[in-house]
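Working notes for the structure below.
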Amino acid sequence: MEVQNDKPIKVVIVSEVPVYATVFGILALILAILAFLIPVIGTIFITPTAIFFGLITLWGGAKKLGIATFVILVVKLIISPIFWANLWVSAVEAGASGNRFLSYFIVIGMLLMFILLFKKSKSARS
């Protein structure tokens, strides 16, 4: 039995995750790892950016990248003395509006990431 068909077979892989979610997920994961490795600057400057990118990732539906970013950031914030000092300063000092904004942004951003972990994907809704 010989196959007479010489046409190439085209395989089309359709991803349900938008490209922007994957790109932001990779960036968020890289920034979360950098924030974990760099103690002071990582907590103050890199972590909020990783949280923002992680929110975009989870909103877009890239769950695996979002979960990895979330776990790394949670561990980073739990063991970070800079984060806890920043929370303390924002609660105690009168003129620490920058620290207060940063602390609220990190805490609210992590809560939103946690909520978005349970967001149903578009294919699961229909």
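The values are calculated or read from the model by the stated rules, or taken from the named source; none is laboratory data. What you see is a predicted model, and the numbers here were worked out from it, not measured in a lab. Note that each Cβ is placed from the backbone with ideal geometry, even for glycine, and that neighbours are counted across all protein chains shown.
Couple of notes before you dig in:
- Within the range 83-108, tally of residues that are over 20 Å from the mean Cα position of the chain (by Cα) and either in contact (Cβ under 8 Å) with a residue 12 or more places away in the chain or assigned to a helix (DSSP H, G or I) (or both): 13
- Among the conditions (1) farther than 16 Å from Gly66 by Cα; (2) under 22 Å from the mean Cα position of the chain (by Cα); (3) at pLDDT 80 or above, the only one that Leu111 does not satisfy is (1).
- In the range 1-79, counting only helices (runs of 4 or more DSSP H) that sit wholly within it, none holds 3 or more residues that are at pLDDT below 90 and farther than 24 Å from Leu111 by Cβ.
- For the range 65-97, a residue qualifies if it is surrounded by 11 or more Cβ atoms within 10 Å (Cβ to Cβ) and among the polar types (S, T, N, Q), and the qualifying residues are Thr69, Ser80, Asn86, Ser90.
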